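In what follows, a single structure is set out as structure tokens and then discussed.
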Amino acid sequence: MSIDDFKWWHWFAISIVLGLTVGYLQTVVGFDPLRAERRALDQRVFENELHKKVQGKPTLKDIRLYPDGPLLLLKFQRLAPSSDGLTFVYGEWQMTPPVPYRPQTDEPHDRGPTYTVMNYLADTARKDPSISYRYAWWATKPMTVLLWTAGSMVVIGGIWPVVVNLLIGAGFGRRATSEVDYDLSRFQSEKDLIPATVPNDDDALKLRELEEELLKNLRKNAEVPVVVAAVPAAPIKSLDSDPLPALATPTAEDDREFTGQFYPVTHGAKKKKS
């Protein structure tokens, strides 16, 4: 079975299976191994720089929370000096805070076993509106599997069959066969043939009765007399010896001459010289 024999539902089924498989593996492996390596930041430094600004710019921005099993992976952009030390540039950093989360810059008090870094950011944002963060809902396990499956259905189940049909229509992808392929399954082997039945005594008796009945019918048809209707003979016309009628004598009008180069023209009869 070549690629040009695949139907649209083949590609659709392949896209669903592939999307579910890749989506599940993504939830097992996680997002972090697929990205560039990020630098880790200490929890106390993160809490101190959360409120700081450098040259009017926030030190930490684009704060994102990714689900990582029971934990939350924190990723953000951090403003730090460049390699030459002349300017400040943003770079990608990350932090994996513990659960429960215990702030190190606030007054120590028990916030409960379910207190997370998301709760800390929500409390901090209420005090400082300039702090913003977002939860990566697309990175949850159900959404990861759903997005991978939907994307696979669009690309492999929708776009790819159109591309394959265009390539086949342009002459690519179709195998060239020099010999005609015969389906040998159409032909029946000798062992599969139904053997002829051997006539028994009952069959011979029925055949003999049929022959006798046919002969009897033939004898009846031969004994029926054939009646031939008499056809009356046609009368024979007798010949008589009456004289033939005289022929008409030619007149002067009949004695004409027709001449002409392109079409006939009648002329009066020429007088004979005496």
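Restricting attention to the stretch 54-73, report how many residues are at pLDDT below 90 and either touching a Pro at 6+ places or on another chain (Cβ under 7 Å) or surrounded by 12 or more Cβ atoms within 10 Å (Cβ to Cβ) (or both). Going through the stretch 54-73 one residue at a time, the tally reaches 7.
Each residue in the stretch 111-136 was checked for being among the small types (Gly, Ala, Ser) and not in a helix (DSSP H, G or I), and 4 pass.
The set of residues in the stretch 160-186 being at pLDDT 75 or above and surrounded by 13 or more Cβ atoms within 10 Å (Cβ to Cβ) consists of Trp160, Pro161, Val164, Asn165, Leu167, Ile168.
Report yes if Thr105 is without any contact (Cβ under 8 Å) to a residue 60 or more places away in the chain, of a type in the set (S, T, N, Q) and part of a loop (DSSP other than H, G, I, E, B), otherwise no. No. The set of residues from the stretch 58-74 being farther than 15 Å from Thr116 by Cβ and in contact with a strand residue (DSSP E or B) (Cβ under 6 Å, 6 or more places away or on another chain) comprises Thr59, Leu60, Lys61, Asp62.
Taking first residues from the stretch 117-141 that are exposed (fewer than 12 other Cβ atoms within 10 Å of the Cβ) and partners that are of a type in the set (Lys, Arg), the Cβ contacts under 6 Å between residues at least 6 apart in sequence or on separate chains come to Arg134/Arg64. Scanning the stretch 115-144 for residues that are among the hydrophobic types (A, V, I, L, M, F, W, C), within 48 Å of the chain's Cα centre (by Cα) and at pLDDT 90 or above yields one hit, Met118. Within the option set Thr149, Thr144, Thr116, Thr140, being under 21 Å from Phe46 (Cα atoms) and of a type in the set (Val, Ile, Thr) holds for one residue only, Thr116. State all residues of the stretch 9-27 that are under 20 Å from Leu73 (Cβ atoms) and free of Cβ contacts under 8 Å to residues at least 24 places away in the same chain; if no residue qualifies, say none. Of everything in the stretch 9-27, just one residue is under 20 Å from Leu73 (Cβ atoms) and free of Cβ contacts under 8 Å to residues at least 24 places away in the same chain, namely Leu25. Looking only at the stretch 80-97, count every residue that is surrounded by 10 or more Cβ atoms within 10 Å (Cβ to Cβ) and outside any strand (DSSP E or B) and tell me the total. Of the residues in the stretch 80-97, 3 are surrounded by 10 or more Cβ atoms within 10 Å (Cβ to Cβ) and outside any strand (DSSP E or B). Taking the stretch 66-79 as the range and being closer than 30 Å to Pro142 by Cβ, assigned to a strand (DSSP E or B) and free of Cβ contacts under 8 Å to residues at least 40 places away in the same chain as the test, the residues that pass are Asp68, Leu71, Lys75, Phe76, Gln77.
Scanning the stretch 1-30 for residues that are hydroxyl-bearing (Ser, Thr, Tyr), modelled with pLDDT of 85 or more and surrounded by fewer than 16 Cβ atoms within 10 Å (Cβ to Cβ) yields Thr21, Tyr24.
The values are calculated or read from the model by the stated rules, or taken from the named source; none is laboratory data. Only a predicted model underlies this, so the values are computations on that prediction, with no experimental measurement involved. Virtual Cβ from ideal backbone geometry, glycine too; neighbours counted across all protein chains shown.
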